[in-house]
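The block underneath contains the structure these notes are about, expressed in structure tokens.
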Amino acid sequence: MHEFSICQSLVDMALNEIKKIEPAPVRVIKVIVVIGGLRQIILEQLQFAYDVLIKDTIAEGSVLEVEYIPVCGKCKECGWEGFLEVPVMLCVECGEASVDITSGKELYLKQVEIDE
Amino acid sequence: MNEKTIKVYKDLMGANAEWAQKTRDLLKKKKVVMLNLIGSPGSGKTVLLERLAKDCSDSLSFSVLEGDVETTKDAERLQKLDILASQLLTGGACHLEAKLVHYALKDLPLDELDIVFVENVGNLVCPAEFDIGEEAKIAVLSVTEGEEKPSKYPLLFNEASAVVLTKTDLLPHLNYKIGVCMEAIKDVNGSIPVFQVDALNGNGVEQWHEWIKERVRAC
Ligand SMILES: Nc1nc2c(ncn2[C@@H]2O[C@H](COP(=O)(O)OP(=O)(O)O)[C@@H](O)[C@H]2O)c(=O)[nH]1
Ligand SMILES: [Mg+2]
Ligand SMILES: [Zn+2]
């Protein structure tokens, strides 16, 4: 349900970025958002919010593309680094609960593609 | 058609993170601890706070920001025990955001407080996504909810600094395997304490209360 509020930030940010462009672009073609595997974002809900929020803006009709980042960690005990099988966040090598999450919490606007 | 790509690379939580940082700065200046209680509706968050008020009001000065429901019922329950509790108006949102919490916090008599609890909206997903500037997130889980919750909501349990497992007085009536739940918690976050409490009757709450007081001392 928080997808709507997150998508509001996404659309606001994307529109804000292209505001700076001179001359103003004709339309937005695509918006790419990066989401880590630990973020609990339901893509259907994000897409639904996106379609609602871009209505009557220069981004109407644009594609929302999601890039997924897997959950990775590094063990403080043995130095192991690699993919984690969420929800298990123990070290794959030594089994200790001493893993720092190194990726998987990302949530950012990567790029906006426009038609000049 | 002339296509062009604009690289942005900006965090979508950036604005929320700025408000959360303002809150952390304010709490630090005022030497106040803020704990963010996150759990399902009915998991026992308010009873936990009522118990703290009953057992520790002479040694701890605390306030509550009530975000769980739009009615003032929870806040009134706490006010009956002489706890200053303010109701946050979330407009039916599924989580609290940092800006709202910041303004509500500024309205509290922070100079007189050791600790502020935020009772977040009853939900294990959305509140875990939003940093509100708390010192620690506390996952509140009742034994009536099944043992697998920590595996189903890994973000919350991974980010939490403690788990309070509530309603342990009901265990004799349930087929609940505490060991399974403890394993699930250990899988997502091996280093956090789990407090097993029956806050309704006040059994097993001492360690939880001691943990809170330790955080106040360290602040
Ligand atoms: N048996 C028992 N019931 C509890 C306990 N803690 C809370 N409850 C009951 O669970 C219900 C919800 O509690 P409440 O604190 O309002 O949940 P909240 O929605 O998380 O704030 C109420 O009926 C409480 O009396 C407990 O430790 N034991
Ligand atoms: Mg409550
Ligand atoms: Zn290891």
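The values are calculated or read from the model by the stated rules, or taken from the named source; none is laboratory data. Computed from a predicted structure; not experimentally measured. Note that each Cβ is placed from the backbone with ideal geometry, even for glycine, and that neighbours are counted across all protein chains shown.
Just give me the residues in the range B:4-30 being of a type in the set (A, V, I, L, M, F, W, C) and assigned to a helix (DSSP H, G or I), in sequence order.
B:ALA15, B:ALA17, B:TRP19, B:ALA20, B:LEU26, B:LEU27
Looking at the structure I just gave you, is B:ILE6 buried (at least 23 other Cβ atoms within 10 Å of the Cβ) and within 14 Å of chain A (Cβ to nearest Cβ)?
no
Restricting attention to the range B:131-144, which residues are surrounded by fewer than 21 Cβ atoms within 10 Å (Cβ to Cβ) and closer than 23 Å to A:ILE41 by Cβ?
Listed by number, the list holds a single entry, B:ASP131.
Go over the candidates A:TYR108, A:TYR68 one by one and state the one that is closer than 30 Å to B:GLY190 by Cα, loosely packed, with under 14 Cβ neighbours inside 10 Å and modelled with pLDDT of 95 or more.
Residue meeting the stated conditions: A:TYR68.
Would you confirm, using the coordinates I've provided, whether B:PHE117 is within 14 Å of chain A (Cβ to nearest Cβ) and in contact (Cβ under 8 Å) with a residue 60 or more places away in the chain?
Judged against the criteria, B:PHE117 is not a match.
For the structure I just gave you, tell me whether A:ALA14 is more than 9 Å from chain B (Cβ to nearest Cβ) and either at negative phi or surrounded by 21 or more Cβ atoms within 10 Å (Cβ to Cβ) (or both).
no
Any residue in the range B:89-103 that is closer than 15 Å to B:ASP25 by Cβ sitting within a Cβ distance under 8 Å of a residue that is acidic (Asp, Glu) and crowded, with 19+ Cβ neighbours inside 10 Å? List the pairs, counting only those 6 or more apart or interchain.
Taking only residues 6 or more apart or on different chains, the pairs are B:ALA98/B:ASP131.
So which residues in the range B:187-209 are in a strand (DSSP E or B) and within 17 Å of the chain's Cα centre (by Cα), if there are any at all?
Selection gives B:VAL194, B:PHE195, B:GLN196.
Select from the range B:145-185 the residues that are within 16 Å of ligand 2 (Cβ to nearest atom) and within 15 Å of the chain's Cα centre (by Cα) and write down the one among them that is surrounded by the most Cβ atoms within 10 Å (Cβ to Cβ).
B:THR166
Filter the range A:85-107 down to residues that are aliphatic (A, V, I, L, M) and more than 12 Å from ligand 3 (Cβ to nearest atom) and give me whichever is farthest from the other protein chains (Cβ to nearest Cβ).
Among those that are aliphatic (A, V, I, L, M) and more than 12 Å from ligand 3 (Cβ to nearest atom), it is A:ILE101.
Does at least one position in the range A:16-27 carry a residue that is under 13 Å from the mean Cα position of the chain (by Cα) and β-branched (Val, Ile, Thr)?
No - not one qualifying residue is present in the range A:16-27.
From B:ALA85, B:ALA128, B:ALA75, B:ALA104, grab the single residue that is more than 16 Å from ligand 1 (Cβ to nearest atom), crowded, with 19+ Cβ neighbours inside 10 Å and not in a loop (DSSP other than H, G, I, E, B).
Step by step, each of B:ALA85, B:ALA128, B:ALA75, B:ALA104 is checked, and only B:ALA104 is more than 16 Å from ligand 1 (Cβ to nearest atom), crowded, with 19+ Cβ neighbours inside 10 Å and not in a loop (DSSP other than H, G, I, E, B).
Looking at (1) touching a residue at least 60 places away in the same chain (Cβ under 8 Å); (2) in contact with a strand residue (DSSP E or B) (Cβ under 6 Å, 6 or more places away or on another chain), find the lone condition where B:GLY204 falls short.
B:GLY204 satisfies all of (1) touching a residue at least 60 places away in the same chain (Cβ under 8 Å); (2) in contact with a strand residue (DSSP E or B) (Cβ under 6 Å, 6 or more places away or on another chain) except (1).
Does the range B:7-22 contain at least one residue that is under 14 Å from the mean Cα position of the chain (by Cα) and away from ligand 1 (no atom under 13 Å from the Cβ)?
no
List the number of the failed condition for A:PRO25; all other conditions in (1) facing another protein chain (nearest Cβ under 10 Å); (2) in contact with a Leu (Cβ under 7 Å, 6 or more places away or on another chain) hold.
Answer for A:PRO25: the failing condition is (2).
Restricting attention to the range A:28-51, and to residues there that are under 10 Å from the mean Cα position of the chain (by Cα) and part of a strand (DSSP E or B), which single residue is nearest to A:GLU85 (Cα to Cα)?
Of everything passing the filter in the range A:28-51, A:GLY36 is nearest to A:GLU85 (Cα to Cα).
Would you check if A:VAL86 is modelled with pLDDT under 95, more than 16 Å from ligand 2 (Cβ to nearest atom), surrounded by 14 or more Cβ atoms within 10 Å (Cβ to Cβ) and over 30 Å from A:PHE4 (Cβ atoms)?
no
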